[in-house]
1. I want to check the label-to-label distance for Asp103 and Ser72. Put each point 7 Å from Cα in the C-beta direction and report it in nm to one decimal.
2. So what's the net charge close to Arg35: Lys and Arg +1, Asp and Glu -1, counting the other residues with Cβ under 15 Å from its Cβ?
3. Where does the charge balance sit around Thr287 when Lys and Arg score +1, Asp and Glu -1, over other residues with C-beta under 14 Å from its C-beta?
4. Where in the stretch 237-275 does the label zone of Asp204 land, with the point 7 angstrom along Cα→C-beta and an amide N cut-off under 19 Å?
5. How big is the gap, in Å, between the Cα center of the stretch 197-226 and the Cα center of the stretch 62-80?
6. Counting heavy atoms of the protein chains only and a 1.4 Å probe, report the per residue accessible area for the stretch 142-215 as a whole number of Å².
7. Non-local amide H neighbours of Cys138 (under 5 Å, H modeled in plane, Pro and chain starts lacking H): which ones?
8. Would you mind working out the accessible area per residue for the stretch 1-79, using a 1.4 Å probe, and quoting it in Å²?
Amino acid sequence: MAKTSHVAVVGSANIDLTTFNDRWPRGGETIFGERFDIGFGGKGANQAVAAKLCGADVSMVACVGNDLFGPSTVENFKAQGINAEHVKIVEGVSSGVAPIFVDTASGQNRILVVPGANNKVLPATVDAAADRLKTADCIVLQFEIPLETVYYTIRFAHENGIRCILNPAPGQPVDMSQVANLDYFVPNETEAEAVTGIAVGSVDDAKRCAEKLLGAGIKRVIITLGSMGSLLAGADGMEHVPAFEVEAVDTTGAGDAFIGSFSVFLGEGLEEKDAVRRANLYAGLSTTGVGTQKSFLDRAAFDAAWAERG
Ligand code: RIB
């Protein structure tokens with residue numbers, strides 16, 4: 001029986017407002033869209049839900065607004081069985097929202113994030129949750145909260161001997177000296193480019209990127225490459241881990257599915273490459289459904305898929 005790990009996510013919670021269409025308006029133009037979907041999202045919240053569905057105990061540290069969306073976001077965490085003691089409803093700001101545009105032909109997404117209350121996740125928020133965070137086996141971070149808080153939490157995890165995984169999304173320039181103590185740095189192609197300046201269109205590009213990141217002091221890098229799979233890199237070498245073939249209808253949240261599930265597979269004691277392979281499948285399968293959290297499989301469904309395809 002695998003160990004139940006405790007994953008803590010310090011990160012964002014958004015409401016996703018997703019429009020599906022095969023073309024997009026030009027400036028000054030109005031056109032009809034095909035379909036709309038609303039759901040709970042935010043990279044942090046999605047990663048927390050993926051970890052919970054994969055079987056971990058999960059704690060969330062986040063902020064939402066006192067508006068239509070905030071209280072229901074807190075309820076969603078509770079309904080999922082996630083500890084939401086440190087999800088705060090703050091006054092005077094909106095909840096985070098994400099208008100998302102999904103191309104119906106390819107399933108590819110374009111996302112705008114309006115952070116709102118996510119910007120209120122401050123080092124003091126982390127201090128307030130410190131006792132809970134100290135009980136975690138792994139802390140997971142993204143870039144949808146202030147960078148100051150991300151760097152502070154990396155230090156916190158390091159000082160307390162807790163594994164720390166950073167998903168630098170959305171992509172932005174990073175102070176490398178602040179992230180050297182991470183256990184895993186997990187960008188996708190565009191995020192890797194934002195950090196290194198190297199465009200990633202192939203596995204070889206990803207290798208060049210990973211080399212630069214390792215050279216800057218990061219210990220382990222995983223670059224997720226969508227339908228090309230993932231690249232796992234460390235001082236001991238680099239390995240391309242291919243993706244599983246799926247019929248994608250909506251790729252939104254696939255990176256979050258990868259990170260949340262990877263944190264659990266690793267926490268269960270699986271060998272790193274095996275954890276990446278499983279996370280590749282978990283993320284791939286999430287693209288076969290619409291939305292983010294609601295497209296994630298629970299553990300029983302994932303184990304059945306793994307038994308068939310793994
Ligand atoms: O990674 C997908 C997520 O990015 C969406 O849920 C959206 O809220 C943005 O945070």
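1. A separation of 3.0 nm, rounded to one decimal place.
2. Local net charge: -4.
3. -4
4. Backbone N within reach: 238-242.
5. Centre-to-centre distance over Cα atoms comes out at 35 Å.
6. That works out to 40 Å² per residue.
7. For Cys138, whose amide H was placed from the backbone, the distant partners under 5 Å are His6, Ala8.
8. 44 Å²
The values are calculated or read from the model by the stated rules, or taken from the named source; none is laboratory data. Note that the coordinates shown come from a computational prediction; the quantities given were computed from them, not determined experimentally. Glycine gets a Cβ as well: all are built from the backbone with ideal geometry, and neighbour counts include every protein chain shown. Keep in mind that these areas ignore ligands, DNA and RNA; they rest on the heavy atoms of the full protein, side chains included. Shrake-Rupley method; radii C 1.70, N 1.55, O 1.52, S 1.80 Å.
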